[in-house]
Amino acid sequence: MGQVAVFFPAEKETSGLRFHLHAPFVPELSRASIKDTPANLPLYQQLAKLAASSLYKIRYFNLLTTEFLAALPNPQDVLGQYYYPIRDAIIHEMQHGKLTPTYLKGHAPAIHLLQAKTALKELLSSEDIALLVDSDDVKNYQWAMAASQKTVMLIDF
């Protein structure tokens, strides 16, 4: 599980994310967790923006792979309430930006990707998908790559 750090690990702070966060949070006096104070709220928002915008650089360096997706949060993850904005920003960017790996080795918005068994992906092309999908935007639908889980990454603020 990802750690949260304030120049040192906050041992009792659990984000629920599968990557580490490091920011100048106001810690509790014991330094074991992050203080529940309005002073920390902007940091969570800034980390959310940083995490979402970093996805484009990660893609640029050809690191936004199906293996990397395992480190990203999903709606089923149990997070502390202050970490919701980070998860929401990442999910929104993955849904609407050209970031999700496709079966044809590119990237596309997740809202335009379909998942199926490999045999079906090999059988039906993007043109075939357009015939099957009932949408005004059928030309953008593609096959998605399947993602694994359980990786850790670090976002340092």
Open item on the list: Could you report the chain's accessible area per residue, 1.4 Å probe, as an integer in Å²?
Closed with: 60 Å²
Task: Top of LEU132, LEU124, LEU64 by mean-square fluctuation, Gaussian network on the chain, Cα under 10 Å - done: LEU132
Task: Matching label, semi-axes √(5λ) of the Cα gyration tensor in Å computed from the structure shown, candidates [x] 46, 19, 12; [y] 36, 14, 12; [z] 82, 18, 13 - done: [y]
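What ranking, highest mean first, results for peptides 78-86, 32-40 when packing means the other Cβ atoms within 10 Å averaged over each residue? Can you show the working numbers first?
Values: 78-86: 16.3, 32-40: 13.8.
Peptide ranking by packing, descending: 78-86, 32-40.
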TODO: Starting at the first residue of the stretch 108-116, write each ³J(HN,Hα) from the Karplus equation 6.51 cos²θ - 1.76 cosθ + 1.60 with θ = phi - 60°, in whole Hz, x for Gly and Pro.
DONE: 8, x, 4, 5, 9, 10, 10, 10, 7
TODO: Using a 1.4 angstrom probe on heavy atoms only, work out the carbon and sulfur share of the accessible area of the stretch 53-117 in %.
DONE: 59 percent
Task: Contour minus Cα-Cα distance for TYR56 and ILE111 (0.36 nm per residue) - done: 18.1 nm
TODO: Report, by chain and number, residues whose modeled amide H sits under 5 Å from the one on ALA108, excluding near sequence neighbours (fewer than 5 apart, same chain).
DONE: LEU99, THR100, THR102
Task: Cα centre as origin, Lys/Arg/Asp/Glu Cβ charges: the chain dipole, Debye - done: 380 debye
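The values are calculated or read from the model by the stated rules, or taken from the named source; none is laboratory data. Predicted, not measured: the structure shown is a model, and the values here were computed from it. With ideal geometry, Cβ positions are generated from the backbone for all residues, glycine too; neighbour counts draw on all protein chains shown. Areas reflect the complete protein model, heavy atoms only, side chains present, ligands, DNA and RNA absent. Shrake-Rupley method; radii C 1.70, N 1.55, O 1.52, S 1.80 Å.
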